[in-house]
Amino acid sequence: MRAIFRAVKYTVVGILFGIVMTKSEAVSWYRIQEMFRFQSFFMYGIIGSAVILGIILVAIIKEYRLKDFYGRPIKLAEKDKRWKKYLIGGSIFGIGWALTGACPGPIFVLLGQGYTVMVMVIAGALAGTIVYGLLRNRLPQ
Amino acid sequence: MISLLSKPWPWYVSGPAIAGIMAVLLFFGKSFGFSNNLSNICSMLGLGKQISYFNFSWKKQLWNLWFLLGSIIGGYLAVHYLQSSEPLKLSSATIADLQKLNVPFDGQLEPGSIFNWNYLHTGKGLFIFLGGGFLIGFGTRYAGGCTSGHAISGLSNLQLPSLIAVIGFFIGGLFTTHLLFPYIFK
């Protein structure tokens, strides 16, 4: 029963995410082009306002040591301090983001919208993930 | 309410809504990071036996896979029940630039001239969708996160590595938009 409740809970949050991604137009290939051409404030406004609110939220969580709904302290992931993987990996992702106009979340949101060609992007993304898993120890971190 | 939600959302509604999703996940004791699901799927497929990177308990990440399922349903619901009849308000400069690249603006979320199976059967289409997907999978796993994990969650927690990753996102995106696209589409 708890497993079902948990499944429903996160599916509902995912549904909200899919709706927000669609209505925000952040899933739009055109909007991503507009962003990478610096021709509108639109995407910068979305990401910027999300981050500013996020910074305030995280500061409040840390200041008051807020707990989650289950009474456990909220943990925020500290990223490790190496930099090469972030710059190189980030740049590689950036190429894919501009090509497809979609980051990992929107790939699946667009599939739900009926863009069935996204199955090819998903297949490619899984292949890329597997190749990374194979090469990981040989790449600069 | 439905008709209000159906209108295109201004950025100052969408941005806080995304922060709200992150807040809900944090208060559920989870962290917002969609691309982890790519590893979760590989682990679920049993690849952990051959590749140690996928040798973890994906069942602990099951919540994120439910979140993924929800995002597909959310996309479906949004276009079927919250669809706006207005065309996308893309900047005229972008419309003109894309016109020069032979990508006509059709007012939809995605250019119909590219997002179809016939285009996929061309070399360009394969490169954009399969190749682009590959780079998304490889790059986000290498960088340890995507837009949700680094640009939203990481920057909110003032993580310098996330800022470096976001700079990388832009290096790749600007290179593709300004150097690769003229080559691909012309």
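Among the residues of the range A:71-107, count how many are closer than 21 Å to B:Gly75 by Cα, of a type in the set (A, V, I, L, M, F, W, C), in a helix (DSSP H, G or I) and free of Cβ contacts under 8 Å to residues at least 40 places away in the same chain.
Number of matching residues: 2.
Provide a single number: the residues in the range B:8-22 that are surrounded by 16 or more Cβ atoms within 10 Å (Cβ to Cβ) and assigned to a loop (DSSP other than H, G, I, E, B).
1
Give the residue, chosen from B:Leu25, B:Leu38, B:Leu5, B:Leu68, that is surrounded by fewer than 18 Cβ atoms within 10 Å (Cβ to Cβ), within 8 Å of chain A (Cβ to nearest Cβ) and either touching a residue at least 24 places away in the same chain (Cβ under 8 Å) or assigned to a helix (DSSP H, G or I) (or both).
On the way: B:Leu25 fails: surrounded by fewer than 18 Cβ atoms within 10 Å (Cβ to Cβ); B:Leu38 fails: surrounded by fewer than 18 Cβ atoms within 10 Å (Cβ to Cβ); B:Leu68 fails: surrounded by fewer than 18 Cβ atoms within 10 Å (Cβ to Cβ).
Selected residue: B:Leu5, the only one of B:Leu25, B:Leu38, B:Leu5, B:Leu68 that is surrounded by fewer than 18 Cβ atoms within 10 Å (Cβ to Cβ), within 8 Å of chain A (Cβ to nearest Cβ) and either touching a residue at least 24 places away in the same chain (Cβ under 8 Å) or assigned to a helix (DSSP H, G or I) (or both).
Right, B:Phe175: more than 23 Å from B:Phe32 (Cα to Cα), assigned to a helix (DSSP H, G or I) and out of contact with any strand residue (DSSP E or B) (no Cβ under 9 Å at 6 or more places or on another chain) or not? Walk me through it before giving the result.
Values: more than 23 Å from B:Phe32 (Cα to Cα): yes; assigned to a helix (DSSP H, G or I): yes; out of contact with any strand residue (DSSP E or B) (no Cβ under 9 Å at 6 or more places or on another chain): yes.
So B:Phe175 fits the description; yes.
Go through A:Ile107, A:Ile92 for me and flag whichever is of a type outside the set (Asp, Glu), more than 7 Å from chain B (Cβ to nearest Cβ), within 18 Å of B:Phe134 (Cα to Cα) and surrounded by 19 or more Cβ atoms within 10 Å (Cβ to Cβ). Spell out how you get there, then give the answer.
Details: A:Ile92 fails: more than 7 Å from chain B (Cβ to nearest Cβ).
Of A:Ile107, A:Ile92, the one residue that is of a type outside the set (Asp, Glu), more than 7 Å from chain B (Cβ to nearest Cβ), within 18 Å of B:Phe134 (Cα to Cα) and surrounded by 19 or more Cβ atoms within 10 Å (Cβ to Cβ) is A:Ile107.
Quick check on the range B:93-142: of everything there that is of a type in the set (A, V, I, L, M) and outside any helix (DSSP H, G or I), which residue is nearest to the other protein chains (Cβ to nearest Cβ)? Before you say what the answer is, go through the steps one by one.
As a first pass, look at the range B:93-142 and keep what is of a type in the set (A, V, I, L, M): B:93, B:95-96, B:98, B:101, B:103, B:109, B:114, B:120, B:126, B:128, B:130, B:135-136.
Then keep just the ones that are outside any helix (DSSP H, G or I); that gives B:101, B:103, B:109, B:114.
On the way: B:Leu101: 9, B:Val103: 8, B:Leu109: 4, B:Ile114: 7 Å.
That would be B:Leu109.
Just one of the numbered conditions (1) over 22 Å from B:Ser14 (Cα atoms); (2) within 7 Å of chain A (Cβ to nearest Cβ) is not true of B:Pro182; which one?
Tallying (1) over 22 Å from B:Ser14 (Cα atoms); (2) within 7 Å of chain A (Cβ to nearest Cβ), B:Pro182 fails exactly one: (2).
Look at B:Phe54 and say whether it is within 7 Å of another protein chain (Cβ to nearest Cβ), touching a residue at least 40 places away in the same chain (Cβ under 8 Å) and crowded, with 16+ Cβ neighbours inside 10 Å.
No, not satisfied.
Kindly indicate which of A:Ser40, A:Ser28, A:Ser24 is in contact with a Phe, Trp or Tyr (Cβ under 9 Å, 6 or more places away or on another chain) and within 7 Å of chain B (Cβ to nearest Cβ).
Working: A:Ser40 fails: in contact with a Phe, Trp or Tyr (Cβ under 9 Å, 6 or more places away or on another chain); A:Ser28 fails: in contact with a Phe, Trp or Tyr (Cβ under 9 Å, 6 or more places away or on another chain).
Among A:Ser40, A:Ser28, A:Ser24, only A:Ser24 is in contact with a Phe, Trp or Tyr (Cβ under 9 Å, 6 or more places away or on another chain) and within 7 Å of chain B (Cβ to nearest Cβ).
Tell me which residues, restricted to the range B:22-51, are hydroxyl-bearing (Ser, Thr, Tyr) and under 22 Å from A:Ile74 (Cα atoms). Walk me through how you get there before you give the answer.
Taking the range B:22-51 first, the residues hydroxyl-bearing (Ser, Thr, Tyr) are B:31, B:35, B:39, B:43.
Hits for the range B:22-51 are B:Ser31, B:Ser35.
The numbers here are math on the coordinates, done by the rules we state, and not lab data. Please read all numbers here as calculations on a predicted model, not as lab measurements. Don't worry about glycine lacking a Cβ; one is built from the backbone with ideal geometry, like all the others, and counts go over all protein chains shown.
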